[in-house]
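Please read the structure below before turning to the comments.
The values are calculated or read from the model by the stated rules, or taken from the named source; none is laboratory data. What you see is a predicted model; the values in this text were computed from it and never measured. Cβ placement follows ideal geometry from the backbone for every residue including glycine, while neighbour counts extend to all protein chains displayed.
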């Protein structure tokens with residue numbers, strides 16, 4: 001398929017949206033002495049690792065379920081990383097000094113076990129093929145948490161802060177190739 005000018009503009013805008021969302025969410029974890037990332041890097045692992053290094057992370061444990069993607073990742077890695085060919089549900093979910101960056105790219109309907117397992121210091125990214133209301137309800141129900149307060153803010157980017165019986169979360173949406181949302185547990 002030939003890439004048109006309009007498609008290029010849309011893809012660049014989508015990348016900008018994702019970058020702004022990622023920068024905003026990572027800012028909540030700065031100055032916390034976090035040195036390790038456990039996560040899902042996706043097919044462009046070197047860009048992901050470079051970004052994480054620029055944010056002060058030095059140790060990387062990357063999970064990948066798909067052998068072909070893992071082979072592609074291995075062929076492009078330029079620095080030390082632990083790449084595990086398995087589901088991230090097998091990760092130790094409460095390592096000290098660790099941020100869990102879990103870019104699932106599917107809806108919450110398929111991830112209840114994953115949502116419940118990770119307790120602290122995480123960013124979870126989901127596809128919004130289901131409603132935002134269902135996403136939020138399923139997320140907190142999977143964690144057995146009750147919402148206490150909700151605050152919506154428009155700056156620096158549009159986001160919502162949820163306080164629950166178990167902590168504080170930041171929620172935001174952005175447009176990638178499809179609508180996406182992130183929920184980060186920040187305290």
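Details
- So residue 153, is it at pLDDT 95 or above and surrounded by 14 or more Cβ atoms within 10 Å (Cβ to Cβ): no
- Selection within the range 133-170 - free of Cβ contacts under 8 Å to residues at least 40 places away in the same chain and in contact with a helix residue (DSSP H, G or I) (Cβ under 7 Å, 6 or more places away or on another chain): 138, 142, 143, 147, 164
- Unique residue being in contact with a strand residue (DSSP E or B) (Cβ under 8 Å, 6 or more places away or on another chain), in contact (Cβ under 8 Å) with a residue 60 or more places away in the chain and surrounded by 19 or more Cβ atoms within 10 Å (Cβ to Cβ) when the list is 62, 37: 37
- The residues of the range 1-54 that are outside any helix (DSSP H, G or I), over 16 Å from residue 176 (Cα atoms) and either modelled with pLDDT under 80 or within 15 Å of the chain's Cα centre (by Cα) (or both), listed by number, are 1, 2, 3, 4, 28, 29, 36, 37, 38, 39, 40.
Residue by residue, here is whether (1) more than 12 Å from residue 38 (Cβ to Cβ); (2) loosely packed, with under 15 Cβ neighbours inside 10 Å holds:
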| site | (1), (2) |
| --- | --- |
| 98 | no, no |
| 114 | yes, no |
| 119 | yes, yes |
| 124 | yes, no |
| 135 | yes, no |
| 148 | yes, yes |
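- The criterion of at least 2 residues that are closer than 25 Å to residue 19 by Cβ and out of contact with any strand residue (DSSP E or B) (no Cβ under 6 Å at 6 or more places or on another chain) is met, among strands (runs of 3 or more DSSP E) falling completely within the range 101-187, by 167-175.
- Set 72, 83: member being outside any loop (DSSP other than H, G, I, E, B) and in contact with a strand residue (DSSP E or B) (Cβ under 6 Å, 6 or more places away or on another chain): 83
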